[in-house]
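A.B. asks: Next up is a structure, given as structure tokens.
The values are calculated or read from the model by the stated rules, or taken from the named source; none is laboratory data. None of these values were measured; they are calculated from a predicted model. With ideal geometry, Cβ positions are generated from the backbone for all residues, glycine too; neighbour counts draw on all protein chains shown. All accessible areas refer to the heavy atoms of the entire protein, side chains included, with ligands and DNA or RNA removed. Shrake-Rupley method; radii C 1.70, N 1.55, O 1.52, S 1.80 Å.
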Amino acid sequence: MKLHAVHRVLLWAILVACLQQGLCSKSQDMDGAKERRMHPKLKHMEPSKRTSQRPGEDTQEFWQNESKDFIRQQQRHQRNIKVAKNIILFLGDGMGLATQVAARSYIQAEHTKLSFEDFPYTGLSKTYCVDDIVPDSATTATAYLCGVKANTETIGVNAQIGVRDCEAMKNTDNHVFSIAKWAMDAGKSAGLVTTTRVTHASPAGVYAHTAFREWETNADIEGWCGKDHGLDDIALQLIHGEVGSRLKLMMGGGKSTFMDSKIYSEGWRSDGRNLIDEYIKKSVGNAYVETLEELEKLDLTKAERLMGIFHDSNMDYYLDTLALEKNTQPTLEQMTRKAIEFMQQQKDDKGYFLFIEGGEIDLAHHDTKARLALEETKQFSQAIALARAMTSEEDTLIVVTADHSHTFSVAGYQDRGSDIFSLVDSDIDDMPYSPLSYANGNSTYLYYNEEKRQRVDPSLILKNEANDLFPATVPIEYETHGGEDVGVFASGPWAHLFTGVYEQNAIPHMMAYAACIGDGLKACDTLSGANV
């Protein structure tokens, strides 16, 4: 006889109370039943439906041979201890390990790899910052670009400066510089690419110093520090700052941060300035483009510097661009191609440092839009595959990492080979649930009927559309970051340094070591036998 859903819930509640109070039997039978409930044999998991995804998976020989192949692959790795001429740092904003796992299935299958997961060396970085266990994208940018951990929401400064501390910002002794400056000081070129605003938290770590990540324009600072604050906003630092003014390449969104609202209707500034025009007037060699067509037609050999701003704010999600009547924005892969081509044809060819961010993985997760997040991860992976094909492992160090994770999770128990977005039946309330969900976020009440005190059937909400909102447990305006370690993947000279578990701020020091730049330890000194 089939139990009614209400009876099931009641029995389940009694069992939970019994276990909590220690009143249930500890017999072997009870333990066995408990184990079965922990790993339920749900409707979709009938043995007859279990099939192998690859021929031979149902034999031990298949897995033994696969393990042997992996060992042979590891044996073939040769440590490259040449000096890195070029460095490319790829940053998947918000790309935690759960996102990578789900993205494999979204793109192809569980047993496949994202392009960077084939890199020979991997590690984990600890992402906490000085004042918080779970960081934001500003303080993490200071860590993985400037080599220093600091306070949440600050960029390019040490922890002596607290968030929104207007007076402390004036003490430049507490400002720290990124590996982009270290590279340029050594005669290399440097640039940045992002799918967010070029003044957003992560790319700002390349060139800016600020006590608050939201100080992107003069109007933003004045709101906190008054009119006579004496501080440079992030956009101003990109155009006229010590580091920003020397960058060879800047591509992404964010036109509004450079323009006064009286000059441009979508402008966010209030100082009467047009910083884009100021950039163009600095030199006849300063190229500026706003569309994919303009970018493709640009003669890179005639440009000394390149600025591409393709959106007023953050660029559109890739899936959303497919619905546009006319899309004028390049993809991350297209921007990556142009960035590398531009850097490779520099006249003073001493190499380069490139920061390339897939920034909208993070934005999608904050809105609990898992499908968009996984597509942005796919786009990120494709850009990395292209970069690796365009460069040589002999002289180019490529490092791929994330700044932080999210509360996104992949739960049980889906069949192998099934759609990663497919729903699974619950054994308690006879209603399906989504294995992809968030610990918190703005979609909580979509999935819970307060009047009936029960979940809402997710099949009524999820429509297999790009902007679907996935379930969240705790109601909060925007889903939060997660605090677990994130992956680091490296290929090229000294890539073996990136193995193990280490502090996030070690990343730029290891890249600088490989390229013999900066004031820290250098491979050149080690190889020459210098006392380090």
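A.B. asks: Express in Å², to the nearest 10, the accessible area of Cys225 obtained by rolling a 1.4 Å probe over the protein heavy atoms while all chains stay in place.
C.D. replies: 30
A.B. asks: I've got another one for you. Residue separation times 0.36 nm, minus the C-alpha to C-alpha distance between Ser409 and Asp132: what's the value? Display every interim value, and only then the final one.
C.D. replies: Details: separation 277, 0.36 × 277 = 99.72 nm, distance 2.18 nm.
Contour length minus Cα-Cα distance gives 97.5 nm.
A.B. asks: Same structure, new question: What spacing in nm lies between the two simple spin-label points modelled at Lys68 and His175, each 7 Å away from Cα in the Cβ direction?
C.D. replies: A separation of 6.1 nm, rounded to one decimal place.
A.B. asks: Report the calculated FRET efficiency for Arg76 and Lys302 (r = Cβ-Cβ distance, R0 = 30 Å), to the nearest 0.05. Could you put the intermediate results ahead of the total?
C.D. replies: On the way: r = 43 Å, r/R0 = 1.44.
Between Arg76 and Lys302 the formula returns 0.10.
A.B. asks: Assuming R0 = 25 Å, what is the FRET efficiency of Glu293 and Lys262, from their Cβ-Cβ distance, to the nearest 0.05?
C.D. replies: Working: r = 29 Å, r/R0 = 1.15.
Efficiency at R0 = 25 Å is approximately 0.30.
A.B. asks: Per residue, how much accessible surface does the stretch 410-475 expose to a 1.4 Å probe? Answer in Å², no decimals. Mind showing how you got there, number by number?
C.D. replies: Working: 3510 Å² over 66 residues.
Spelled out: the 1.4 Å probe surface of the stretch 410-475, per residue, equals 53 Å².
A.B. asks: Among Ile234, Gln414, Gln379, whose Cα lies farthest out toward the positive end of the dipole of the chain, if unit charges sit on the beta carbon of Lys, Arg (+1) and Asp, Glu (-1)?
C.D. replies: Gln414
A.B. asks: Based only on Cα atoms, what mean projected area does the convex hull of the stretch 410-475 have, in nm²? Present the calculation step by step, with values, prior to reporting the outcome.
C.D. replies: Values: hull surface 19.0 nm².
Answer in nm², one decimal: 4.7.
A.B. asks: Once both axes come from the Cα atoms, what is the angle between helix 370-390 and the longest principal axis of the chain, in degrees from 0 to 90, rounded to 10?
C.D. replies: 50
A.B. asks: Ok, one more. Aspartates and glutamates within cross-link reach of Lys463: Cα-Cα under 18 Å, excluding same-chain residues under 8 positions apart?
C.D. replies: Answer for Lys463, where 18 Å is the Cα cut-off: Asp320, Asp367, Glu375, Asp419, Asp425, listed by chain and number.
A.B. asks: Additional query: Given points 7 Å out from each Cα along the Cα-Cβ axis, report the Val474 to Gln160 separation in nanometres with one decimal.
C.D. replies: 3.5
A.B. asks: Now for a separate question. At a Förster radius of 25 Å, what calculated FRET efficiency corresponds to the Cβ-Cβ distance of Thr112 and Ala323, to the nearest 0.05?
C.D. replies: 0.35
A.B. asks: Just to confirm the number: angle between the C-alpha axis of helix 506-515 and the first principal axis of the chain, 0 to 90 degrees, nearest 10?
C.D. replies: Value to nearest ten degrees: 50.
A.B. asks: Rounded if a/c is under 1.5, else prolate if a/b is larger than b/c, else oblate: which is the stretch 369-470, with a ≥ b ≥ c the root eigenvalues of its Cα gyration tensor? Mind showing how you got there, number by number?
C.D. replies: On the way: a/c = 3.05, a/b = 2.52, b/c = 1.21.
The shape class here is prolate.
A.B. asks: In whole percent, and with a 1.4 Å probe on the protein chains, what portion of the accessible area of the stretch 410-475 is carbon and sulfur?
C.D. replies: On the way: 1730 of 3510 Å².
Summing carbon and sulfur atoms, their accessible area is 49 percent of the total for the stretch 410-475.
A.B. asks: Which of rounded, prolate, oblate describes the stretch 61-101, given a ≥ b ≥ c as roots of the alpha-carbon gyration tensor eigenvalues and a/c under 1.5 marking rounded, otherwise prolate only if a/b is larger than b/c? Let's see the in-between values first.
C.D. replies: Details: a/c = 5.85, a/b = 1.24, b/c = 4.73.
In terms of gyration-tensor shape, oblate.
A.B. asks: Stretch Glu451-Ala168 to full length: gain in nm at 0.36 nm per residue minus the Cα-Cα span?
C.D. replies: On the way: separation 283, 0.36 × 283 = 101.88 nm, distance 5.10 nm.
Taking 0.36 nm per residue and subtracting the Cα distance, the gain is 96.8 nm.
A.B. asks: Shape of the stretch 68-157 from its Cα gyration tensor (a ≥ b ≥ c, root eigenvalues): rounded if a/c is under 1.5, otherwise prolate when a/b > b/c, or oblate?
C.D. replies: Details: a/c = 2.61, a/b = 1.47, b/c = 1.78.
It is oblate, given that a/c is not under 1.5 and a/b is not larger than b/c.
A.B. asks: Helix-only mean residue ellipticity at 222 nm, the chain, DSSP H runs n ≥ 4 weighted -39,500 (n - 2.57), per residue, nearest 500. What is it?
C.D. replies: On the way: 17 runs with 166 residues, N = 532.
Helix-only estimate at 222 nm: -9000 deg cm²/dmol.
A.B. asks: Taking a 20 Å limit on the Cα-Cα distance, which of the listed pairs Lys85/Lys181; Lys68/Lys126; Lys181/Lys350; Lys170/Lys227; Lys113/Lys369 fall beyond it?
C.D. replies: On the way: Lys85/Lys181 15 Å; Lys68/Lys126 31 Å; Lys181/Lys350 14 Å; Lys170/Lys227 15 Å; Lys113/Lys369 22 Å.
With Cα atoms farther than 20 Å apart: Lys68/Lys126; Lys113/Lys369.
A.B. asks: May I ask what percent, to the nearest 5, of DSSP beta bridges between residues of the chain are antiparallel? Please report the intermediate quantities before stating the final value.
C.D. replies: Working: 21 of 59 bridges.
Restricted to the chain, the bridges split so that about 35 percent are antiparallel.
A.B. asks: Can I ask one more? What's the percent breakdown of Cα-Cα distances in the chain across 20 Å bins, shortest bin first?
C.D. replies: It works out to 20, 50, 25, 5, 0, in whole percents.
A.B. asks: Can you pull the one-decimal nm distance between simple spin-label points at Asp185 and Lys350, each 7 Å off the Cα toward Cβ?
C.D. replies: Taking the simple label geometry, Asp185 and Lys350 are separated by 1.3 nm.
A.B. asks: Using only Cα atoms, find the angle between the long axis of helix 28-38 and the longest principal axis of the chain, and express it within 0 to 90 degrees, rounded to the nearest 10.
C.D. replies: 40
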